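Peer 1: This is the structure I want to talk about, given as structure tokens.
The values are calculated or read from the model by the stated rules, or taken from the named source; none is laboratory data. Because the structure is a prediction, the values reported are computed rather than measured. Cβ sites come from the backbone with ideal geometry, for glycine too, and all protein chains shown count toward neighbours.
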Amino acid sequence: MPVDNVTIRVEPVPALTPPLVRRYCAGDSSLTPLYAHAPFDASRPPVSPAGGRALDDDVIQRMLKLNRETGASARSLANCEKLRDPAVHAMLAGQQPGLLLGPLFALYKIVTLVARCRAWEAQSGQSYVPVFWIASHDADLAEIDHVYLPGQGGEPEKLRYPWTEVPRQQLSAYEITDSDWRAFTEALRERLPDNDFREDALARFTPSRFPASPTHAFAEAVHALLPDAGIVCFDGRDAETCEAGRSFLARTLRNPARTLASWREGEETVRNAGIAPPLDLAESRFPLFLVENSVRHPLSWNGSRFETSAGSFEPETLAKGVEEGTRTVSPNAGLRPVLQDLLFATAATIAGQSELAYHPQLASLYESAGVARPLLVPRASLSLVHFRAYDQLADFGLTIADLRESPDTAQEGAAGDAHAASRSRFTQTIEDAWRRFAEEVASASDTSPVPGADDTESQFLKAAARSADKFVKQADRAGENRSRKIHKLTQELAPKGTAQEFVWSLLPFLARYGPDFATRIAEALPEESTEHMMMTVDPRGAS
């Protein structure tokens, strides 16, 4: 069926909006002191907190190189150049370079980024550039090495890419090879519908050359899926080696006591607000890693020197090596946003609930580094629902929120017990009624007992029992059929008992609705809504 026939209906599902997002957008007074810009107001376009600053040429050149190599459109390349203009505002989102983009929420960050830039440009007449920070400096391979596709019963089945893990190795250092990709793709193909869309969908994620790094594969997929969105991809490892990044990291190393004091102050700030610090840093740990041969070594501060498994360093010696480019250090999850916003003078950042949760902890780090905190924009939270699934939910009187709870096997057992109890009560009622009837007939008759009464009673009670059994079996079959349908709906809309966006890959949706489906999601996304949205997909076209 042509992709042009796919239509999407959108409706909010407030019950599934993450609680912190709801509070942040509603202006919860207890949260206002924790954020630089709260509550979030979509009608107020943000501006660069640096008051207008052009990006360093080194950063621009690195972005141009990555985006040219990964098939960026002319619009994306032009957006790289636009960031030289101090009047242009950078808006950022970021994620690790997951295979096939990773779970759906990574795509939702991207489409929110695009939608917000488009809306704010229309409102303000100012220019916003969507920048996606690929967190290639991270080292958690388990976050990116797999996708979930529906198995034979609809349950999520994890398919892993055959990388051999190197402890603490940065993600960008892994390679996607031709032979391994072919084998991985074949495993994907077997689990996708055999239709006209399958090969085109797979092609959107296939690297243009091998070996490919996860960073390049991710950037290529972004440009292939949303070719006209003007997205600029940035390799997070470039932040560690560009001149401005090296200068910031060297300053951080020269002031270890101040950096750690700022970190502890951030922890205390959120504790005083009744929140457990989302980011944990052990007492002697420092929020940087020493990087050697793409492997991150944790840094500790002993009061006078930095200690790592790779050696011991005076602060000035290590800082000078970073400044000169002979040493490389990498920020942890808490220091990375500060570096990001320093490089891009970020006007706004797309944030999931976890990012909204940990940003208040970083306020003192931002202040210590002299970096302004950007506006945090909640990312879209979506459920993709086929129109038949939508109809089934209505038939069963269920919502997606109902499916988030795991099936209660005790309830299933209770239903079976209820059937048995009901049958027992029915047969007992029939037996009692028969006996009363027989007694009344016998007492009104001239002869007693009534001829043939025993045989008649036996046949009658057996017939009643057979009817009860038949009815219960029919009820059981209807219940089993309903249970099967609800189980299938649960696997589709609330796999693993959680939000669809944290499990499923985009790939099966592309294979079902066409390789341009990501663009359709971006076009259908309401620009200002911060509620969870249900997108009902109908491939039959407009009626």
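Peer 1: Report yes if F313 is buried (at least 17 other Cβ atoms within 10 Å of the Cβ) and under 36 Å from the mean Cα position of the chain (by Cα), otherwise no. Break it down into steps so the answer makes sense when it comes.
Peer 2: Details: buried (at least 17 other Cβ atoms within 10 Å of the Cβ): yes; under 36 Å from the mean Cα position of the chain (by Cα): no.
Considered against the rule, which asks whether it is buried (at least 17 other Cβ atoms within 10 Å of the Cβ) and under 36 Å from the mean Cα position of the chain (by Cα), F313 comes out as no.
Peer 1: Find the residue count for the range 37-72, including only residues that are surrounded by fewer than 17 Cβ atoms within 10 Å (Cβ to Cβ), out of contact with any His (no Cβ under 7 Å at 6 or more places or on another chain), touching a residue at least 60 places away in the same chain (Cβ under 8 Å) and not in a loop (DSSP other than H, G, I, E, B).
Peer 2: 1
Peer 1: Which residue pairs have Cβ atoms under 6 Å apart, sit 6 or more places apart or on different chains, and have a first residue in the range 12-36 that is under 25 Å from A524 (Cβ atoms) and a second that is charged (D, E, K, R) and not in a helix (DSSP H, G or I)?
Peer 2: These pairs meet every condition: P12/E531; P14/E531; T17/E531.
Peer 1: Quick check on the range 77-90. Is at least one of its residues polar (S, T, N, Q) and in a helix (DSSP H, G or I)? Explain how you work it out, then say what you get.
Peer 2: Going through the range 77-90, the residues polar (S, T, N, Q) turn out to be 79.
Among the residues that remain, those that are also in a helix (DSSP H, G or I) are: 79.
Within the range 77-90 (the criterion being polar (S, T, N, Q) and in a helix (DSSP H, G or I)), the answer is yes, since at least one residue qualifies.
Peer 1: Only residues in the range 114-134 that are within 16 Å of M63 (Cα to Cα) and of a type in the set (D, E, K, R) count as the first member; pair them with residues that are at pLDDT 95 or above and not in a loop (DSSP other than H, G, I, E, B), Cβ under 6 angstrom, at least 6 apart or cross-chain, and list the lot.
Peer 2: That search, which allows pairs on different chains as well, returns nothing.
Peer 1: State yes or no: is S127 polar (S, T, N, Q), in contact with an Asp or Glu (Cβ under 7 Å, 6 or more places away or on another chain) and surrounded by fewer than 18 Cβ atoms within 10 Å (Cβ to Cβ)? If you could, list the steps in order and put the result at the bottom.
Peer 2: Working: polar (S, T, N, Q): yes; in contact with an Asp or Glu (Cβ under 7 Å, 6 or more places away or on another chain): yes; surrounded by fewer than 18 Cβ atoms within 10 Å (Cβ to Cβ): yes.
Considered against the rule, which asks whether it is polar (S, T, N, Q), in contact with an Asp or Glu (Cβ under 7 Å, 6 or more places away or on another chain) and surrounded by fewer than 18 Cβ atoms within 10 Å (Cβ to Cβ), S127 comes out as yes.
Peer 1: Same structure, new question: Given the conditions (1) touching a strand residue (DSSP E or B) at 6+ places or on another chain (Cβ under 8 Å); (2) under 18 Å from Q170 (Cα atoms), and given that F306 satisfies all but one, which numbered condition is not satisfied?
Peer 2: That leaves (2) as the condition not met.
Peer 1: May I ask you to verify whether R388 is surrounded by fewer than 22 Cβ atoms within 10 Å (Cβ to Cβ), of a type in the set (K, R) and not in a helix (DSSP H, G or I)?
Peer 2: Values: surrounded by fewer than 22 Cβ atoms within 10 Å (Cβ to Cβ): yes; of a type in the set (K, R): yes; not in a helix (DSSP H, G or I): no.
No, not satisfied.
Peer 1: Pairs under 9 Å by beta carbon, first residue polar (S, T, N, Q) in the range 215-244, partner assigned to a helix (DSSP H, G or I), six or more apart or different chains?
Peer 2: Correct list of pairs: T215/L66; T215/L171; T215/S172; T241/R62.
Peer 1: Can you pull out the residues in the range 369-385 that are over 22 Å from E527 (Cα atoms) and surrounded by 19 or more Cβ atoms within 10 Å (Cβ to Cβ)? First the steps, then the outcome.
Peer 2: Here is the first cut: in the range 369-385, the ones over 22 Å from E527 (Cα atoms) are 369-373.
Listed by number, the residues that qualify are A369, V371, R373.
Peer 1: Another question about this same structure. Given the residues A106, A119, which is the only one that is assigned to a helix (DSSP H, G or I) and over 17 Å from the mean Cα position of the chain (by Cα)?
Peer 2: Details: A106 fails: over 17 Å from the mean Cα position of the chain (by Cα).
Just a single option satisfies the conditions, and that option is A119.
Peer 1: Just one of S364, S294, S300, S330 is closer than 14 Å to R246 by Cα, within 34 Å of the chain's Cα centre (by Cα) and of a type in the set (G, A, S); which is it?
Peer 2: Exactly one residue qualifies, and that residue is S330.
Peer 1: Same structure, new question: Looking at the range 241-254, which of its residues are surrounded by fewer than 22 Cβ atoms within 10 Å (Cβ to Cβ) and touching a Ser or Thr at 6+ places or on another chain (Cβ under 8 Å)?
Peer 2: T241
Peer 1: While we're on this one: Taking N79 and the conditions (1) more than 26 Å from Q170 (Cα to Cα); (2) in contact with an Asp or Glu (Cβ under 9 Å, 6 or more places away or on another chain); (3) buried (at least 19 other Cβ atoms within 10 Å of the Cβ), which numbered condition does it fall short on, given that it satisfies the others?
Peer 2: Single failed check for N79: (2).
Peer 1: Identify, from the list L55, L104, the residue that is assigned by TED's automatic domain parsing to the domain that holds I521, of a type in the set (A, V, I, L, M, F, W, C) and either more than 26 Å from G370 (Cα to Cα) or modelled with pLDDT of 95 or more (or both).
Peer 2: Working: L55 fails: either more than 26 Å from G370 (Cα to Cα) or modelled with pLDDT of 95 or more (or both).
Result: L104 is the single residue among L55, L104 that is assigned by TED's automatic domain parsing to the domain that holds I521, of a type in the set (A, V, I, L, M, F, W, C) and either more than 26 Å from G370 (Cα to Cα) or modelled with pLDDT of 95 or more (or both).
Peer 1: All but one of (1) outside any helix (DSSP H, G or I); (2) closer than 30 Å to S29 by Cα; (3) modelled with pLDDT of 95 or more hold for I275; state the number of the condition that does not hold.
Peer 2: All conditions pass for I275, except number (3).
For every residue, the table says whether it meets (1) more than 30 Å from S294 (Cα to Cα); (2) surrounded by 24 or more Cβ atoms within 10 Å (Cβ to Cβ); (3) not assigned by TED's automatic domain parsing to the domain that holds P45.
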residue: A74; (1), (2), (3): yes, no, no
residue: A87; (1), (2), (3): yes, no, no
residue: G98; (1), (2), (3): no, no, no
residue: V111; (1), (2), (3): yes, yes, no
residue: E143; (1), (2), (3): no, no, no
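Peer 1: Hey, could you check the range 501-523 for residues that are within 18 Å of the chain's Cα centre (by Cα) and aliphatic (A, V, I, L, M) and say which is farthest from V111 (Cα to Cα)?
Peer 2: V503
Peer 1: Any residue at all in the range 159-172 that is of a type in the set (S, T, Y) and part of a helix (DSSP H, G or I)?
Peer 2: Yes, because at least one residue in the range 159-172 is of a type in the set (S, T, Y) and part of a helix (DSSP H, G or I).
Peer 1: Within the range 330-359, how many residues turn out to be within 15 Å of D235 (Cα to Cα), in contact with a strand residue (DSSP E or B) (Cβ under 8 Å, 6 or more places away or on another chain) and either modelled with pLDDT under 95 or hydrophobic (A, V, I, L, M, F, W, C) (or both)?
Peer 2: Restricting attention to the range 330-359, the residues satisfying the condition of being within 15 Å of D235 (Cα to Cα) are 330-331, 336-337, 339-341, 343-344.
So of that shortlist, the ones also in contact with a strand residue (DSSP E or B) (Cβ under 8 Å, 6 or more places away or on another chain) come out as 330-331, 337, 339-341, 344.
Those left that are additionally either modelled with pLDDT under 95 or hydrophobic (A, V, I, L, M, F, W, C) (or both): 339, 344.
So the count comes out to 2.
Peer 1: Which members of the range 502-543 meet the condition of being in a loop (DSSP other than H, G, I, E, B) and among the basic types (K, R)?
Peer 2: Taking the range 502-543 as the starting set, the residues that turn out to be in a loop (DSSP other than H, G, I, E, B) are 503, 506, 514-516, 525-532, 539-543.
Result: R540, single match.
Peer 1: Moving to a separate point now. Considering only residues that are farther than 20 Å from V329 by Cα and touching a helix residue (DSSP H, G or I) at 6+ places or on another chain (Cβ under 8 Å), which ones fall in the range 262-289? Please lay out each step first, then the result.
Peer 2: Residues of the range 262-289 farther than 20 Å from V329 by Cα: 264-278.
Scanning the range 262-289 gives E265, G266, E267, T269, V270, A273, I275, A276, P277, P278.
Peer 1: Within the range 139-161, which residues are within 28 Å of V329 (Cα to Cα), out of contact with any Phe, Trp or Tyr (no Cβ under 6 Å at 6 or more places or on another chain) and not hydrophobic (A, V, I, L, M, F, W, C)?
Peer 2: D140, E143, H146
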